[in-house]
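For reference, the structure discussed in these notes is given below.
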Amino acid sequence: MGMTRSKQIKAGLQKSFRNGKSAKASTVCYGYRVTAKGDLIVYPPEAIYVFHIFERFAAGDSLGKISASLARMDVPSPTGKEIWSKETISKILNNEKYLGNVVLGKTQSQNDVQVKNNDLDTKTVMMSHHPAIITKELYELVQMEKKRRCCSHDK
């Protein structure tokens, strides 16, 4: 018996991704722009604020405090609003694209609903796909700080 249509599509996407030809790999996020060739490049006027967000969180600032600092600097959110939502800041702090890496398969469909995929074996990672905005050390420091804050409430 052959592959289901869904599995064929998934296999095709993964093959394209591994070959560096996937549009998913070049999905733009705040701090980047896409060239005519489809490559991600750093957009300095936004990248400076991405770095600011990571630095401030690592230094102990809350999401609300970071949002307030961006508002004081008159930095519009990625959607053009005056106030940055805590959710937007949190998503930036979770995004490995700022390391220059791309992960395919972070979510999967279960009963027609997209859910987080925690199975590392079904994810495809492309390291150094595009220029990084932050260092691996800063990213890891932020992830440890997030874990510390999350777990300190349980005590």
*asked:* Every residue in region 25-35 that is surrounded by fewer than 17 Cβ atoms within 10 Å (Cβ to Cβ), at pLDDT below 95 and not in a loop (DSSP other than H, G, I, E, B), please.
replied: 34
*asked:* Condition first: in a helix (DSSP H, G or I) and more than 20 Å from residue 148 (Cβ to Cβ). Now tell me which residues in region 55-73 satisfy that.
replied: 67, 68, 69, 70, 71, 72
*Identify, please: which residue in region 55-81 is surrounded by 13 or more Cβ atoms within 10 Å (Cβ to Cβ) and acidic (Asp, Glu) and is, among those, farthest from residue 45 (Cα to Cα)?*
61
*Limited to region 132-155, what total is found for residues that are assigned to a loop (DSSP other than H, G, I, E, B) and either aliphatic (A, V, I, L, M) or over 15 Å from the mean Cα position of the chain (by Cα) (or both)?*
6
*asked:* If I filter region 132-153 down to residues being surrounded by 10 or more Cβ atoms within 10 Å (Cβ to Cβ), without any contact (Cβ under 8 Å) to a residue 24 or more places away in the chain and basic (Lys, Arg), which single residue comes out as farthest from residue 62 (Cα to Cα)?
replied: 147
*Pick out the one residue from 128, 77, 69 that is farther than 27 Å from residue 39 by Cβ and among the polar types (S, T, N, Q).*
69
*How many of the residues making up region 36-54 are more than 15 Å from the chain's Cα centre (by Cα) and assigned to a helix (DSSP H, G or I)?*
4
*Residue in region 36-46 that is at pLDDT 95 or above and of a type in the set (Asp, Glu) present*: yes
*Looking only at region 1-23, and only at residues there that are surrounded by fewer than 15 Cβ atoms within 10 Å (Cβ to Cβ) and at pLDDT below 70, the one that is nearest to residue 129 (Cα to Cα)*: 20
*Search region 88-131 for residues being in a loop (DSSP other than H, G, I, E, B) and among the charged types (D, E, K, R), and hand back the single one that is surrounded by the most Cβ atoms within 10 Å (Cβ to Cβ).*
123
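The values are calculated or read from the model by the stated rules, or taken from the named source; none is laboratory data. Note that the structure is a prediction, hence the values are computed from the model and not measured. In this analysis, Cβ positions are derived from the backbone assuming ideal geometry, glycine residues included, and neighbour counts consider all displayed protein chains.
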